[in-house]
Amino acid sequence: DVKVTQSSRYLVKRTGEKVFLECVQDMDHENMFWYRQDPGLGLRLIYFSYDVKMKEKGDIPEGYSVSREKKERFSLILESASTNQTSMYLCASKEGANSPLHFGNGTRLTVT
Amino acid sequence: RKEVEQDPGPFNVPEGATVAFNCTYSNSASQSFFWYRQDCRKEPKLLMSVYSSGNEDGRFTAQLNRASQYISLLIRDSKLSDSATYLCVVFTSGTYKYIFGTGTRLKVLA
């Protein structure tokens, strides 16, 4: 079974803080993704990576950056957290071109 | 028009009932299709991939209609534990994107 692990289930941060969300997968997948999920808006892609040190912007990259230094780890960085970044953040990985996504258990971030 | 559309529900059905959800997609070049289940405040979990010829997994049957650009999910003999939100996901390799529907909420009633 694929295991995707996100480091925190719940986080509370203050406006302006730099926030790191970590994600690790144990299946040697090349492709990793960061989404946020908000009520009524569904899942929206922030960034994805198809290889180490490679990254591509998704639909809503503003205010975020990512890091992929090792194949198994994909980090999402909020450079200066804002209240509109309060959301559920979901990391995912996948094996091949048309494969399904496997999600981590999510990080519920609250920015106050 | 949204790229992937689902009826948000809720669908309230009694235990043992059969229920079906549809999901329409707008990009005719879409290649891969999936159904996920999401429980409240949890992550989406893969329920099943959807193949061109249709496929079944126990009480669950998925169908793809490329001509009309929709996929469906049929749940037979509903259980209380089937209560969840069901997400339709469409992948288009040209855009390298997975597009998610906003989900259909199912409540199975005792």
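Coordinate-derived values only; no laboratory data. Given the structure is predicted, the values throughout are model-derived calculations rather than measurements. Cβ coordinates were reconstructed from backbone atoms using ideal geometry, including for glycine residues, and neighbour counts include every protein chain displayed.
The alpha carbons of the protein assembly as shown give a radius of gyration and a Dmax of 17.6, 51 Å, in that order.
Over all residues in A:45-53, what is the mean tally of Cβ atoms on other chains that come within 10 Å of each residue's Cβ?
Details: counts 5, 0, 0, 3, 0, 1, 0, 0, 0.
Per residue, the average neighbour count from other chains is 1.
Semi-axes of the equivalent ellipsoid for chain A, computed as √(5λ) from the eigenvalues of its C-alpha gyration tensor and ordered from largest down, come to 22, 14, 13 Å.
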